[in-house]
1. Averaged per residue, what accessible area in Å² does the range 53-150 show with a 1.4 Å probe, protein chains only?
2. Any idea what % of Cα-Cα pairs in the range 93-150 are farther than 18 Å?
Amino acid sequence: MALEKINPAGPSNDDSNWSSSTEVSGGTPTQQNSIFQEPGSAPDNSGISFTPNPFSPDDDGFEDFLSINYTLDKADYLLRVRIYDRYGREVSELANGKPGGFSGSLIWDGLTDNGNKNRVGIYIVLFEAYNSAAGRDRTFKETVVIARKF
């Protein structure tokens, strides 16, 4: 198995932007990565959007990752992003104190923080941007769906 970037234009030092190739023969040098996925466009105003939604983290190389795209009104926020299941249990923490900038994307592989697969269903993304020095906070809460082939 070879490691590939989900989004080749994304940061190389971001662990969530890397995953195993789904190509049977191994990697895909000189070709588009087997797990390639574009992050999608950020919302026009402050907020978050998802690409794709629903997504299917089943390692088939098609829509295996959720891109959480965001736009903020200031560049000096720190991000805390958590994912909850439909019962309100935290299943993953994507960011905690990560500098946000004006806009960007985070990637969720659909797994729990322990590396276990989540069930098919609705999940809640709690996106918090905070700046304690300036006393500004932004919070967005939206739903995403994990789907699988039957």
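The values are calculated or read from the model by the stated rules, or taken from the named source; none is laboratory data. Everything quoted here is computed from the prediction, not taken from an experiment. In case anyone asks, the SASA skips ligands and DNA or RNA and just uses the protein heavy atoms, side chains included. Shrake-Rupley method; radii C 1.70, N 1.55, O 1.52, S 1.80 Å.
1. Working: 5340 Å² over 98 residues.
Result: 55 Å² of accessible area for each residue.
2. Values: 752 of 1653 pairs.
Value for the range 93-150: 45 percent of Cα pairs lie more than 18 Å apart.
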